[in-house]
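Structure first, commentary second.
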Protein chains: 2
Amino acid sequence: MIKRLDSRSPLSEADKLALLSVQHSVRKVPAGAHLVRDGEPPEQCALLLSGYAYRYKITGEGARQIVSLHMAGEFVDLQNSFLQVSDHSVQTLTEADVAFVPMQAIREITLSNPSIARALWVDTLVDSSIFREWVVNVGRRDSRTRVAHILCEFSLRLEAAGLAKDHRYELPMTQEQLADAVGLTSVHVNRVLRQLGEEGLISRDRRSITIEDWQRLREAGDFNERYLHHDFVAAARN
Amino acid sequence: MIKRLDSRSPLSEADKLALLSVQHSVRKVPAGAHLVRDGEPPEQCALLLSGYAYRYKITGEGARQIVSLHMAGEFVDLQNSFLQVSDHSVQTLTEADVAFVPMQAIREITLSNPSIARALWVDTLVDSSIFREWVVNVGRRDSRTRVAHILCEFSLRLEAAGLAKDHRYELPMTQEQLADAVGLTSVHVNRVLRQLGEEGLISRDRRSITIEDWQRLREAGDFNERYLHHDFVAAARN
DNA sequence: CGTAACTTTGATTAGTATCAAAAATGGTGG
DNA sequence: CCACCATTTTTGATACTAATCAAAGTTACG
């Protein structure tokens, strides 16, 4: 986690020590547990040490839209950190090890340590960039492109997190959850996945995805990784 | 602008003075001008003093998705402030007065002044919350609900900015732009607007919108203003 | 093993897009 | 102030994508 922050907004050794010594408690949380609930005040900030989680909102009609997916090393709750009431829920997708940090500790360290504040802020800005791309994905791409796009995104993010390689990864989501992330029905996602398989772009085995032809899937998904901001260190120059 | 920041994350008088004295240049910018271009490094941070602007991205197919709308008093470019390359473009919707602040100045003041950093950060977190809601809007709501929802959002945001009252406002967007914000075609947006009018929920005159029945439009749009975080001051308790 | 959750397939429908064109509006120069 | 042109709004007809409904397979798990 620290490595990730550092890569985008450099921290001194002292900063890293300060981060490591922030008060927190680690707990193992089962799959399907809520880390944050829509409408409740955020009191702890959860950092995923292992496992997966997703943010979602429910419409008045009862439909669910997943608005982001998070994996080991990511903060799941900085988004709510300085707001009074959570505007969405966060739920684990798998069993997960979670470090809970009291909001108060986050508030204190960010006031006393501007470099850390900066690094956390940058982290939330990257989240925002992904939200924007999801608006586009869901708003302006057809079903095949949408699904291909999200498969590309997951592949790169998991590789960056060291959870995948060679364009092969475990995706611990049901097709229904995938559907809720791309704004389609699970039935349709199923058909699209089959089609992508038939075209030789991907292959699947249970929950594992192998991208057989990265270049073509990238094109099919209208995917450009720039929005992930994986390689940049703007703040490096101060 | 300062008032807005202060309301969500309190600033001392000294902070306010510091903000006011940040180096900047004010320019009048014509409608349709780009403030940020996708793919270019952000060098200045634009603060809208008057007028409107929107962020957008273009898909490989050439379709446009507007990902947010900004009005007087809002920062248009904090989102890119610490990232190396912009992942989207920002264009003015109307003629606008814009204060340009060099990124360097933002970086310096946020390192030296944690309260200001906090306030700006909170501002970007609220932006994120709106992005999330847009993902839901575009991903899981039908056309009528989507349009009603965005009309509600604009009404509250404009009122909060002092640009509207009594649920009546000027919306300087064409129906095509509105369509690009809700992920529909302009033809369909036109039909939905007509329908909302026939149902007595809104009325229109040129670009001005009057919400004739707030309660019913709110229901029609599955609208809950919580995600706008207009009334909260979490950081107040530090 | 038995059962619930998930995936897959098929048939039909609904909602939006697309295409086309007419009407209205707004701005410009004469 | 008017005539003209470009842009925007409106309407209609048709096509297509993805939703819905239903049910059969398959997988995971206690």
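Let's see how each residue does on (1) within 13 Å of the chain's Cα centre (by Cα); (2) at pLDDT 95 or above; (3) open to solvent by less than 30 Å² (accessible area, probe 1.4 Å); (4) within 21 Å of A:E153 (Cα to Cα):
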| site | (1), (2), (3), (4) |
| --- | --- |
| A:L11 | no, no, yes, no |
| A:S25 | no, no, no, no |
| A:K28 | no, no, no, no |
| A:D38 | no, no, no, no |
| A:S50 | yes, no, no, yes |
| A:Y54 | yes, yes, yes, yes |
| A:S86 | no, no, yes, no |
| A:D97 | no, no, no, no |
(request) Among the numbered conditions (1) within 7 Å of chain B (Cβ to nearest Cβ); (2) in a loop (DSSP other than H, G, I, E, B), tell me where A:T94 comes up short. (result) (1)
(request) Among residues belonging to the stretch B:62-76 that are under 21 Å from B:F131 (Cα atoms) and open to solvent by 20 Å² or more (accessible area, probe 1.4 Å), point out the one that is farthest from the other protein chains (Cβ to nearest Cβ). (result) B:A72
(request) Could you check A:Q79 against (1) within 19 Å of A:D38 (Cβ to Cβ); (2) open to solvent by 10 Å² or more (accessible area, probe 1.4 Å); (3) within 11 Å of chain B (Cβ to nearest Cβ) and say which number it fails? (result) (2)
(message) Residue under question is A:G221, and the condition is that it be away from DNA strand C (no atom under 16 Å from the Cβ) and more than 14 Å from chain B (Cβ to nearest Cβ); does it hold?
(response) no
(request) Please give the number of the condition B:A53 fails out of (1) more than 8 Å from every other protein chain (Cβ to nearest Cβ); (2) without any contact (Cβ under 8 Å) to a residue 12 or more places away in the chain. (result) (2)
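Listed here are the residues, each with its yes/no results for (1) touching a residue at least 40 places away in the same chain (Cβ under 8 Å); (2) away from DNA strand D (no atom under 16 Å from the Cβ).
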| residue | (1), (2) |
| --- | --- |
| A:G139 | no, no |
| A:R144 | yes, no |
| A:E153 | yes, yes |
| A:K165 | no, yes |
| A:Y169 | yes, no |
| A:A179 | no, no |
| A:G183 | yes, no |
| A:H188 | yes, no |
(request) Can you tell me which residue within the stretch B:106-154, out of those that are basic (K, R) and farther than 16 Å from A:L120 by Cβ, is surrounded by the fewest Cβ atoms within 10 Å (Cβ to Cβ)? (result) B:R144
(message) Yes or no: the stretch B:162-185 includes at least one residue that is surrounded by fewer than 16 Cβ atoms within 10 Å (Cβ to Cβ) and within 14 Å of chain A (Cβ to nearest Cβ).
(response) yes
(request) Only one of these is β-branched (V, I, T), within 24 Å of B:R132 (Cα to Cα) and more than 12 Å from chain A (Cβ to nearest Cβ): B:V85, B:V36. Name it. (result) B:V36
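The values are calculated or read from the model by the stated rules, or taken from the named source; none is laboratory data. Worth saying up front: this structure is predicted, and the values here are computed from it rather than measured. For neighbour counting, all protein chains shown are included, and Cβ atoms are generated from backbone atoms with ideal geometry for every residue, glycine included. Just so you know, the surface numbers come from the protein's heavy atoms only, side chains and all, with ligands and any DNA or RNA stripped out. Shrake-Rupley method; radii C 1.70, N 1.55, O 1.52, S 1.80 Å.
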